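Just so it is clear, none of the values below were taken in a lab; they were calculated from the coordinates. The model shown is predicted, which means the values in this text are computed figures rather than measured ones. Positions of Cβ are backbone-derived with ideal geometry, glycine not excepted, and every protein chain shown enters the neighbour counts.
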Amino acid sequence: MAAIDRLRAMLGEDKVSTNQSVLEAHGRDENFPETRPPIAVAYADEVADIQAVLAWCREQHVPVIPFGVGSSFEGALVPASPDVPVISLDVSRMDKVLSIQPENFLAVVEPGITRTTLNAALRHTGLFFPVDPGADASLGGMAATNASGTTTVRYGGMRQNILALQVVLANGEVLELGRPVRKSSSGYDLKNLFIGSSGTLGVITKLTVRLHPVAEHIHTLRVFFPSVNQAAEAAYSVMGSALPVARLELLDELAIRSINRYLGRDYPVAPALFLEFHSSTRAAIEDEIALVEALVQEAGAINITVARTQQEQLAQWEARHNVHWALVTSHPGHTYTITDTAVPLAHLPAMIAYAQQMLQAMGLTGSIVGHVGDGNFHTLVATKPEDVAQAHTFSEQLVHRSLAVGGTASGEHGIGLVKRRYMAEEHGPALAWMRQIKALFDPDDLLNPGKIV
Ligand SMILES: Cc1cc2nc3c(=O)[nH]c(=O)nc-3n(C[C@H](O)[C@H](O)[C@H](O)COP(=O)(O)OP(=O)(O)OC[C@H]3O[C@@H](n4cnc5c(N)ncnc54)[C@H](O)[C@@H]3O)c2cc1C
């Protein structure tokens, strides 16, 4: 194809692939039911490569979808239509740590670096980067989806942990957004506009991220309850205490059973809260342990297990981070419908109860897991082809209920193709202004078109 030959001539032979399996790996995500391969994958080693790809896109009128490691949900990476040719712009080779500045509690990185690689590079500093989605995602992809994770309840998600961004716009211009400072009242906050924009406004090419001191005293425990509702009520009362909550995760019985099978654990098969507290002194932690145990017992806890060693703590969070794969492998041959609502905290127990009742009433197999300290939970519905319509109705009803109580359609996974239909209901007239912002930055609709707005 002449257009692809031209791209090869502009970028270099080794930076363009049309290999079928490479194309397929770039035209899918972790739960969208269809694969829609791009016509080529372009690999960037530096900003100039990204500018060259965008120049080619403008010349050929072919849209481009930026690609990190491909761990996202909701069809964010999948072309909006199978009939429109697109190229994928893979930035995973741009994976360097450009500088670590412990004295300023920050690091400057390229977008392709993954969260675990960054934390490995930080090990000698006593600092860490906290945002930890279950996958080893790229920092660029995490910024583009405004990802969060188990520690967000204490340290914030991507928006709270990115100080500055470098982005390349559709016209090839390079912008520096934000400053390496903790606070600023200067100008419109374009940096935060690009965070969560899913590659629709520009390509992220550099990030300045906040680092945090590793906590001295960590108290980690698992608490099991007779019912998911009691676990959710306990989570709410823990959030209402003054305890220094660093992680507060809910897993239902099916999730625990799947983890036991997948990782060979012997956790009690019951709904659970996985909790962690970060304290500055040992004395403080003793009082906090007593308080948290009293709170969960009052909510009906049937088993409390404290992770005594660092190894036990790591094992507990390894289990939490593997829950998605544990569930997926226990239902081979199914696809997954994943909900991602977040609601004001007081509504969380009722939302979880509603999700449970609906699963039962519709005869669906689903598991509830969630970052409940943030009011955010997922229902992973194992879907056979004959259940697709039911699963979609379930997901839709949960979103409507979330929006009705002041919540959001997506706590962390983003809008992609799947959640677009709720944007008007959630944002009202503001959606028209979002569309104008998209048109301002990308008038030819070349950057991940058809997403979000
Ligand atoms: C097992 C599992 C557990 C997960 N748990 C969580 C969780 O707890 N919390 C959470 O938030 N998510 C979670 N996710 C979803 C996923 O990991 C996040 O959405 C993550 O942020 C995606 O990063 P990525 O590098 O894979 O991006 P990709 O999937 O490659 O891309 C995601 C989006 O970002 C855009 N993009 C990628 N790189 C750039 C760039 N440099 N510039 C501009 N746009 C770009 C893409 O076009 C796409 O729209 C989980 C996924 C899995 C598989």
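Values for this structure:
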| quantity | calculated |
| --- | --- |
| Spatial separation of Cα centroids for segment 15-51 and segment 413-437, in angstrom | 26 |
| Long-range Cα-Cα pairs in segment 63-205 (distance over 22 Å), rounded percent | 37 |
| For segment 345-359, Karplus couplings with θ = phi - 60° (6.51, -1.76, 1.60), whole Hz, Gly/Pro x | 3, 5, 8, 4, x, 5, 4, 5, 4, 4, 4, 4, 4, 5, 4 |
| Using alpha-carbon coordinates, inclination of helix 282-298 to the longest axis of the chain, degrees | 80 |
| HN-Hα J in Hz across segment 319-328 - Karplus 6.51, -1.76, 1.60, θ = phi - 60°, x for Gly and Pro | 4, 4, 5, 9, 4, 4, 5, 4, 6, 4 |
| Segment 331-419 - Rg and Dmax from Cα coordinates, angstrom | 12.2, 37 |
| Inter-centroid distance (Cα atoms) of segment 100-124 relative to segment 280-338, Å | 27 |
| Amide H contacts under 5 Å for ALA342, placed H, 5+ residues apart | THR408, SER410, GLY411 |
| Rg over Rh, two decimals, segment 217-326 (C-alpha only, Kirkwood Rh) | 0.95 |
| Stokes-Einstein D for segment 24-115, Kirkwood Rh over Cα pairs, 4 °C, 1.567 mPa s (µm²/s) | 90 |
| Segment 155-165 - phi-based ³J(HN,Hα) in whole Hz, Karplus 6.51/-1.76/1.60, Gly and Pro as x | 9, x, x, 5, 4, 6, 10, 10, 8, 8, 9 |
| Listed pairs LYS15/LYS183; LYS384/LYS438; LYS96/LYS419; LYS15/LYS384; LYS384/LYS419; LYS183/LYS438 exceeding 30 Å between Cα atoms | LYS15/LYS183; LYS384/LYS438; LYS96/LYS419; LYS15/LYS384 |
| Highest average packing first - 282-294, 75-87, Cβ atoms within 10 Å | 75-87, 282-294 |
| Value of D in µm² per second that Stokes-Einstein yields for the chain, Kirkwood Rh from Cα pairs, at 25 °C (0.890 mPa s) | 107 |
| Relative contact order, percent, segment 97-213 [alpha-carbon distance under 8 Å, six or more residues apart] | 33 |
